[in-house]
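Student: Dropping a structure here in structure tokens format, bear with me for questions.
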């Protein structure tokens, strides 16, 4: 599993869902996003490395991975669009 490709695809789907001209959410996109989230969660739970975007400018030794993921996920969503 490539966590970088996974996160990129998640962000692309979210951008489509949150686009100003989007009148409804595509069911296929919603299902795919859920699959990607579960895959990345499983990867991280097994000790896999974080996506590159989540490591930039952070001292990963000082922040528990679970908290880092939660914080950055919220920030990424807020900064889209």
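Student: Quick one: would you say residue 72 is at pLDDT below 90 and surrounded by 16 or more Cβ atoms within 10 Å (Cβ to Cβ)?
Tutor: Considered against the rule, which asks whether it is at pLDDT below 90 and surrounded by 16 or more Cβ atoms within 10 Å (Cβ to Cβ), residue 72 comes out as yes.
Student: Can you confirm whether region 4-19 contains a residue that is at pLDDT below 60, surrounded by fewer than 13 Cβ atoms within 10 Å (Cβ to Cβ) and assigned to a helix (DSSP H, G or I)?
Tutor: Looking through region 4-19, none of the residues is at pLDDT below 60, surrounded by fewer than 13 Cβ atoms within 10 Å (Cβ to Cβ) and assigned to a helix (DSSP H, G or I).
Student: Next question, about the same structure. Any idea how many residues of region 20-29 are touching a helix residue (DSSP H, G or I) at 6+ places or on another chain (Cβ under 8 Å) and not in a loop (DSSP other than H, G, I, E, B)?
Tutor: 1
The values are calculated or read from the model by the stated rules, or taken from the named source; none is laboratory data. Because the structure is a prediction, the values reported are computed rather than measured. Note that we place each Cβ from the backbone using ideal geometry, even for glycine, and neighbour counts take in every protein chain shown.
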